[in-house]
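Novice: Let me give you the structure first, and then I'll get to my questions.
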Amino acid sequence: TKIYEACTFQDLTGQRVNKVIKILKEVDARIARMLQLFGGDAAVTALPRRDERTGDERLLNGPQLPDQAPSQDDIDALFANGKP
């Protein structure tokens, strides 16, 4: 009985692992297809560069893009009278 239980458990585990592998292969195939549609390696190199800053330095500009961030004058006006 113990051997039978062990075999059943191994079979179920193997089935789950095979499902995960199948899903990962499908995701990989879809990503590869998307890269083909969007220009292959050119699409990957066109991605924005990774922000290498760390700690507080990384938070200085906030979550907005640098050209959309409020200026220091806007921040000062906000604290001065409550309106930008």
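Novice: Can you pull out the residues in the range 67-84 that are at pLDDT below 75 and either in contact with a Leu (Cβ under 6 Å, 6 or more places away or on another chain) or open to solvent by less than 100 Å² (accessible area, probe 1.4 Å) (or both)?
Specialist: Answer for the range 67-84, where residues must be at pLDDT below 75 and either in contact with a Leu (Cβ under 6 Å, 6 or more places away or on another chain) or open to solvent by less than 100 Å² (accessible area, probe 1.4 Å) (or both): A69, G82, P84.
Novice: Taking the stated definitions as given, is T45 at pLDDT below 75 and either under 26 Å from the mean Cα position of the chain (by Cα) or open to solvent by less than 100 Å² (accessible area, probe 1.4 Å) (or both)?
Specialist: Yes.
The values are calculated or read from the model by the stated rules, or taken from the named source; none is laboratory data. What you see is a predicted model; the values in this text were computed from it and never measured. With ideal geometry, Cβ positions are generated from the backbone for all residues, glycine too; neighbour counts draw on all protein chains shown. Calculation scope for accessible area: heavy atoms of the full protein, side chains included, ligands and nucleic acids excluded. Shrake-Rupley method; radii C 1.70, N 1.55, O 1.52, S 1.80 Å.
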